[in-house]
1. Once you keep just the Cα pairs under 8 angstrom separated by 6 or more residues, what percentage relative contact order results for the chain?
2. At a 10 Å Cβ-Cβ cut-off, how would you order His393, His227, fewest neighbours first?
3. In what sequence, highest mean first, do 209-218, 17-26 appear when ranked by Cβ atoms within 10 angstrom?
4. Which is farthest toward the positive dipole end of the chain among Phe136, Gln23, His227, measuring Cα position about the Cα centre, with Cβ charges +1 (Lys, Arg) and -1 (Asp, Glu)?
5. Test of understanding: ordering Met192, Met37, Met270, Met397 by Cβ neighbours within 10 Å, fewest first, what list do you get?
6. Given points 7 Å out from each Cα along the Cα-Cβ axis, report the Ala147 to Asn225 separation in nanometres with one decimal.
7. Once you have the alpha carbon radius of gyration of the stretch 34-247, what is it after dividing by 2.2 N^0.38 Å, with N set to its residue count?
8. Over the stretch 34-247, what is the percentage of antiparallel beta bridges among all DSSP beta bridges, to the nearest 5?
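Each value in this text was obtained by applying a stated rule to the coordinates, not by laboratory testing. This structure is a prediction, so every number in the text was calculated from the model and none was measured. Neighbour counts are summed over all protein chains in view; Cβ atoms, including those assigned to glycine, are modelled from backbone coordinates with ideal geometry.
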Amino acid sequence: MPDLFAVRVGDFENMQVTINPSQLSGALEAPASKSSMQRACAAALLNVGETVIYNPGTSNDDRAALDTIRKLGAEWSLNTNGSITVKSKGVHPVSDEIDCGESGLGIRMFTPIAALSEREITIKGSGSLVNRPMDFFDAIFPQLNIAIQSNEGKLPLVIKGPLKPEDIEVDGSLSSQFLTGLLMAYGAAGAMGVSISVNNLKSKPYIDLTLAVMEQFGVRVENKNYHNFYFPGKPITENLVQPVEYAVEGDWSGSAFILVAGAIAGNISMTGLDPASAQADKTVLEALVNAGAKISVLPGRIQVGQALLKSFHFNATDCPDLFPPLVALAAYCNGKTTIEGVNRLAHKESNRALTLQEEFGKMGVVIDIIDDLMIIQGGGQLKAAHVHSRHDHRIAMACAVAGLRAAGPTVIEGGEAINKSYPDFYEDMRLLRASIVENF
């Protein structure tokens, strides 16, 4: 049974992790998807009644989501079988402040949801989130009867609703996460006969995931080619069988690092991943195939093994979180690999394009960034190196995977960053026979 708020090894700051060259083998169960888990938490808050969430995640972002829904009025408890039961009467805040930690999805999704209340609420975050642009809310909220004060378009935000659904037009070029929050809030507000029009929407698969979760909780939205989302009516509480049961999916984002590790350093298999998932990062399979990895997608299991890897071309515009594992993969591919979508990386936990270029440069990998393209020169022997996560969970995991076949140890400063999304990453790698040492 997961202890969601237990102190973990990686919760300590300034953890140094040493990855020694290793040959992998074994099998793993995929970690829980934080994209799925956080949406489930939001939907459970909005579901007037009882929700049972199976396979709950334990990452920092997941824990922040559970803390947020509790402060917005839900009650939840951990069951003996590891599931979570959420009881809610809708959004009725019991606190004047919510803190979404470092979760970009959390802050962008829960802010419109919190605005369903008439209570004035301060929305806070931490880490790199305090510097990420939030001026989207300044532009949109006044159109929805929501008063808002921001720190010049950044956190903290002070909001006061209640949100009233209206026909609006939004810019989807920065992030689909803003749209996710609006869609869920509109559904909970009983939007009827109104629509949200979107220009230049990025990360469409994440909106597919949002709509799938909403439908399971009784809200149907008509998706008109990702340009218009129309609400025909019926609030989220109608026509639901109680309790609502939701199983959190296995996480393609975190599992991408494990699958790439198999292609680089051994024969491994993973269970718990659904190739039919709406998660954008399932396209890592396409990249692995294009790189010539030995891969088999079997019922309930994916197997990946070492092979002579070749350079590939991949468009990551709709799945920018794949950049770090694909850079690790490309480092071991003969020739120049090109990945499109660099412009999506500026507002992550770090400026991820520059961070990948600099940290992988320490390992001897040459990366060029030209407009929206990242070009990785692969095929050489990676050097033993001392790198830094830059407090970015995906950078820590990418460097760890790349270090599996380096010429010597790879030392990662700030290794605790993995807790944001995949707190069991190092332990799972050890289960696959990776030699990993943590120091404090």
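1. Details: 1053 pairs, mean separation 90.3, N = 440.
Across the chain, relative contact order equals 21 percent.
2. Values: His393 30, His227 13.
The order, fewest Cβ neighbours first, is His227, His393.
3. On the way: 209-218: 19.9, 17-26: 18.4.
Listed from highest to lowest mean packing, they are 209-218, 17-26.
4. The Cα lying farthest towards the positive end belongs to Gln23.
5. Met192, Met270, Met37, Met397
6. With each label placed 7 Å out from Cα toward Cβ, I get 4.2 nm.
7. 0.93
8. Beta bridges within the stretch 34-247, antiparallel portion: roughly 65 percent.
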